[in-house]
Amino acid sequence: MEKRRIVTLIAAVFILTATVVFAAGSGENEEAQYPKGNLDFVAPGGAGGGWDLTIRTTAKVLKDTGLVKVSMPVRNNPGAGGSVHLTSLQEVKGTARTITVYSPPLILTNLNGTTEYSYNDVTPLARLIADYAVYVVAADSPYKTMNDVMTALKKDIKSVKIGGNSSVGSMDHIQFLIMAKAVGIKNLKEIDYVSFDESGSAQVLGGHIDLFSTGLSEVLGLIESRDLRALAQSSDHRVGEGIIAEISTCQEQGIDATFVNWRGIFGPPEMPEYAVSYWRDIFAKMVKTDEWKAARKTNGWDDAYLDGPDFKTFLGEVNEEYKGVLSDIGMLN
Amino acid sequence: MESFELLLHGFTVALQPMNIMWVTVGGILGTIIGMLPGLGPATGVAVLLPLTFTMGPVAALITMGGVYYGAMYGGSRASILINTPGDGAAVAATFDGYPMTLKGKAESALAISAIASFIGGVFATIIMVFVSMPVARFAVKFGPAEYFMLFVFALAATASMTKGNRIKGFISMTLGLMIATIGIDAQSGVKRFTFNILELQSGIDFLVVIIAVYALGEVFKSFKNIAEGKKTIQTGFGKIWISMEEWKRCFWPILRSSPLGFFIGALPGAGGTMASLMAYNNEKQMSKTPEEFGEGAIEGVAAPEAANNAASVGAMIPMLTLGIPGSGTTAVMMGALLMLGLQPGPLLFQQQPTIIWGLIASMFIGNIILAVLNIPFAGIIVRVLAVPPRILYPIVLGLAFVGTFAISSSVMDFNLLIIFGIIGFVMSITNIPATPMILAVIVGSNMEQSFRRAYKISDADLSIFIASPICIVLIALTIISILFPIIKNIFEKIKK
């Protein structure tokens, strides 16, 4: 018994020493050999969601095109609209292995007080794609254009019930309010917004809500089958093909505002410079590949590539815009 | 008869050797995942997600489908044998399954669970072949007010059927409703009872509570029993089958629970847990011997088992026909469809008949394969009862922690697991039933949110809750389910 304990002790000491030596050695070489070993790709939401789809597709394209040779396993770290992962990222400050994806909730969760961390606590590497908001009604709805809805709201602020899948003060809500604000509706706070977990499209189909504010990809099938009618989409240009390309923009209808559901790739805060320049270079190359273009087409994503520094400037701008809307509805924290 | 032709075409797809292999692999994987606490069909399907890139769409969907209903077969194994459901949908199987095991009838319980699952799955698939579109169209008639009434009905039925002290049942339910209010309120954005803990903002996952109360609770209880020398192990095992008499008792419950489960499953947001609990309540109230329920009535295992399998089939309907994921599992499956470049929606059946009908046909094949595999498999798994408790329960404890971590990779959940495990143990020694709490945790948040949505939509006019025929029917059912036991008592007294 005694002997075994000594052997265990020696083994433990040996492993510990080896680890320390190895870690020290790899630290010196990391810059030159980056990326070496496994990377850690993380979706801050659940499997099958928008963030998950984006990062898995990115990892696949990077692998298929041979741009990144090391393995890029994807894991999920969901919770509190991505804020749980944002906190985890603070624990790997200054490291180079974690690659993650975020979209407008990164900014909204900070502004509405869910988390103390903001876009300043991550390292923007590249903005990759954009989805747009689409505002849909049931096929038999009296509303034909976005302006019909706005006129009704101006007459009676409670007359149109807006639904979305995210909670109050989050994306689906804000993307509608940006349009309402643009047409000069003042009492934004009084607009009834009803949050549905996942089933918003069933609710608008069944006529339980008047308008469903969502992302184009969520309701593509129902628009194509003409069960739902799209009043407008939030881009500054028409997107897609066929019936989707027939959806006019809010701007075309005289509402001078846009909303972009951008998605970009981020590293941990204070990511080392060699890793930042590595990824900026990789993504600049990736967006030009045929594989990436094909993946964008499959998923209906618009190209929205921006390099890291420009992306950071962009984040600062949208931060101010969202702040304005949230303060109008009294949710700025 | 167009559906029939398309189905035959589907069979030519599903019967290809590779696809038979995929559905078997998916089914076995699902059965195993379903047995482990915390690992439900959603986790199983998520694990397969990266693989779908390399598989074709048909193979990917068939495998995922296999995992989904395979998990329904596997989920009840642990419920019956060691009183630890792996998933919400398997909770109802503990009510009578575990008492059957304690009476040495584990073999019958396992057999009827596989048989009922098989019938429920096949029955629901047949309905799906013919009426998936009408069912989906009907399901969207459920607005917030209708959902609220549905949840009230489910909760009332369970609260009124609890054994023993009603006040204690009520305390348990209230505790559950309180737990369900934790997190960010989606209708106002306000943080409730989160104590500045980030992880609590998305609320407490009901799976954590289930694992804690059942698995940890069972472990604590068994420590107590071992210390007092009460725990015995079973050494002799019979054949995994049921007697003719048992079959007769289960026949109608299975046939009634299958369509019920299918429909509840097809409602986005209701799901297998609700389906199995409602089926159980339903059978208890219709039974001539309701006092046997909870003491090891075999139909109390058959009904929820048929219902949850039927629900897993039903849940695919809103996902495939409308592109609306109705449950955690179908949400992941929909993600997979999108990755494969398929757009779920009303046109999917026309645009991709091979894929859709291949999937439906594979459900028939998958259910047959699973039923055939599960009977001999149960013969092996039942021997877990021969494992001495001092070996078995540490393993259960370990699995509980692993399963909890698998839910959302959160260390915070470990703390919750221990807290709720202790709460569950205290409840068990004070004879407060855990089931009303569990059910309240599962439906509480949905119930409250539905009420708030309806209230907002109607501009605070409560008449929305009686405005539709569906609401009125549900209210009537709720009243009946509360009064039924009382009326029956009165009648019996008059008879005497």
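The values are calculated or read from the model by the stated rules, or taken from the named source; none is laboratory data. Predicted model only: the values in this text are computed from it and were never measured. A quick note on method: Cβ atoms are made from the backbone with ideal geometry, for glycine too, and the neighbour counts reach across all protein chains shown.
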(request) Restrict the check to region B:452-471 and report whether at least one residue is part of a helix (DSSP H, G or I), within 14 Å of chain A (Cβ to nearest Cβ), buried (at least 17 other Cβ atoms within 10 Å of the Cβ) and in contact with a Ser or Thr (Cβ under 7 Å, 6 or more places away or on another chain). (result) yes
(request) Take region B:273-300 and flag every residue that is more than 23 Å from B:Ala42 (Cα to Cα), part of a helix (DSSP H, G or I) and either among the small types (Gly, Ala, Ser) or under 15 Å from the mean Cα position of the chain (by Cα) (or both). (result) B:Tyr280, B:Asn281, B:Gly300
(message) Checking the condition hydroxyl-bearing (Ser, Thr, Tyr), within 14 Å of chain B (Cβ to nearest Cβ), surrounded by fewer than 20 Cβ atoms within 10 Å (Cβ to Cβ) and touching a helix residue (DSSP H, G or I) at 6+ places or on another chain (Cβ under 7 Å), which residue from A:Ser159, A:Ser166, A:Ser170, A:Ser201 passes?
(response) A:Ser159
(request) Scan region B:242-265 and give yes if some residue there is closer than 18 Å to B:Leu416 by Cα, assigned to a loop (DSSP other than H, G, I, E, B) and under 25 Å from the mean Cα position of the chain (by Cα), otherwise no. (result) no
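Matching residues to (1) crowded, with 24+ Cβ neighbours inside 10 Å; (2) in the same structural domain as A:Ala304 (by TED's automatic domain parsing):
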residue: A:Ile209; (1), (2): yes, no
residue: A:Arg226; (1), (2): no, no
residue: A:Arg229; (1), (2): no, no
residue: A:Ala232; (1), (2): no, no
residue: A:Gly254; (1), (2): no, no
residue: A:Val276; (1), (2): no, yes
residue: A:Lys285; (1), (2): no, yes
(request) Could you tell me whether region A:254-263 includes any residue that is touching a Lys or Arg at 6+ places or on another chain (Cβ under 9 Å), part of a strand (DSSP E or B) and over 20 Å from B:Gly323 (Cβ atoms)? (result) yes
(request) Please find, within region A:78-92, the residue that is surrounded by the fewest Cβ atoms within 10 Å (Cβ to Cβ) out of those that are within 7 Å of chain B (Cβ to nearest Cβ) and hydroxyl-bearing (Ser, Thr, Tyr). (result) A:Thr87
(message) Of all residues being charged (D, E, K, R) and assigned to a helix (DSSP H, G or I) in region A:289-319, which is farthest from the chain's Cα centre (by Cα)? Just the residue, please.
(response) A:Asp290
(message) List the residue pairs whose Cβ atoms are under 9 Å apart, where the first residue sits in region A:238-257 and is closer than 19 Å to A:Glu218 by Cβ, the second is in a loop (DSSP other than H, G, I, E, B) and of a type in the set (Phe, Trp, Tyr), and the two are 6 or more positions apart or on different chains.
(response) A:Cys250/A:Phe259
(request) Give the residue that is nearest to A:Gly215 (Cα to Cα), with candidates limited to residues of region A:47-100 that are outside any helix (DSSP H, G or I) and among the basic types (Lys, Arg). (result) A:Arg75
(message) I'm trying to understand the selection: among the residues of region A:292-305, which are in contact with a helix residue (DSSP H, G or I) (Cβ under 7 Å, 6 or more places away or on another chain) and buried (at least 17 other Cβ atoms within 10 Å of the Cβ)?
(response) A:Trp292, A:Ala295, A:Asn299, A:Gly300
(request) Just give me the residues in region A:214-229 being at the interface with chain B (Cβ under 8 Å from one of its Cβ atoms) and touching a residue at least 12 places away in the same chain (Cβ under 8 Å), in sequence order. (result) A:Ser217, A:Glu218, A:Val219, A:Leu220, A:Leu222, A:Glu224, A:Asp227
(message) Give all pairs with beta carbons closer than 9 Å in which a residue from region B:323-350 that is within 20 Å of A:Arg56 (Cβ to Cβ) meets a residue that is charged (D, E, K, R) and not in a helix (DSSP H, G or I); count only pairs at least 6 apart in sequence or on separate chains.
(response) B:Pro325/A:Glu198; B:Ala331/A:Glu198
(request) Among residues belonging to region B:366-393 that are of a type in the set (Val, Ile, Thr) and farther than 14 Å from B:Ile240 by Cβ, point out the one that is surrounded by the fewest Cβ atoms within 10 Å (Cβ to Cβ). (result) B:Ile391
(request) Tell me, please, whether a residue that is under 21 Å from A:Trp301 (Cβ atoms), polar (S, T, N, Q), in contact with a helix residue (DSSP H, G or I) (Cβ under 7 Å, 6 or more places away or on another chain) and not assigned by TED's automatic domain parsing to the domain that holds A:Leu62 can be found in region A:85-100. (result) no
(request) Scan region B:138-159 for residues that are within 14 Å of chain A (Cβ to nearest Cβ) and part of a helix (DSSP H, G or I) and jot them down. (result) B:Phe138, B:Ala139, B:Pro144, B:Ala145, B:Glu146, B:Tyr147, B:Phe148, B:Met149, B:Leu150, B:Phe151
(request) For region B:307-342, enumerate the residues that are crowded, with 23+ Cβ neighbours inside 10 Å and more than 24 Å from the chain's Cα centre (by Cα). (result) B:Met339
(request) Considering only residues that are part of a helix (DSSP H, G or I), more than 12 Å from every other protein chain (Cβ to nearest Cβ) and closer than 20 Å to A:Gly215 by Cβ, look in region A:108-156 and name the one that is farthest from the chain's Cα centre (by Cα). (result) A:Val149
(message) Considering only region B:13-26, I want to know if a residue exists there that is surrounded by fewer than 24 Cβ atoms within 10 Å (Cβ to Cβ), modelled with pLDDT of 90 or more and under 29 Å from B:Thr404 (Cα atoms).
(response) yes
(request) With the checklist (1) over 17 Å from A:Lys36 (Cα atoms); (2) within 8 Å of chain B (Cβ to nearest Cβ); (3) buried (at least 19 other Cβ atoms within 10 Å of the Cβ) in hand, flag the one item A:Arg75 doesn't pass. (result) (3)
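Residue-wise test of (1) within 14 Å of chain B (Cβ to nearest Cβ); (2) of a type in the set (A, V, I, L, M, F, W, C).
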| position | (1), (2) |
| --- | --- |
| A:Ala182 | no, yes |
| A:Tyr193 | yes, no |
| A:Asp197 | yes, no |
| A:Gly207 | yes, no |
| A:Phe212 | yes, yes |
(request) Report whether or not B:Ser312 is out of contact with any Ser or Thr (no Cβ under 9 Å at 6 or more places or on another chain) and small (Gly, Ala, Ser). (result) no
(request) Hey, can you tell me all the residues within region B:44-67 that are touching a residue at least 24 places away in the same chain (Cβ under 8 Å), farther than 16 Å from B:Gly27 by Cβ and within 11 Å of another protein chain (Cβ to nearest Cβ)? (result) B:Ala46, B:Leu49, B:Thr52, B:Phe53
(request) Filter the helices (runs of 4 or more DSSP H) completely within region B:343-430 down to those with at least 2 residues that are more than 14 Å from chain A (Cβ to nearest Cβ), more than 21 Å from B:Ala227 (Cβ to Cβ) and more than 23 Å from the chain's Cα centre (by Cα). (result) B:353-381, B:412-429
(message) Anything in region B:176-208 that is crowded, with 18+ Cβ neighbours inside 10 Å, part of a helix (DSSP H, G or I) and either of a type in the set (A, V, I, L, M) or within 10 Å of chain A (Cβ to nearest Cβ) (or both)? List them, or say none.
(response) B:Leu177, B:Ile179, B:Ala180, B:Leu198, B:Glu199, B:Leu200, B:Gln201, B:Ser202, B:Leu207, B:Val208
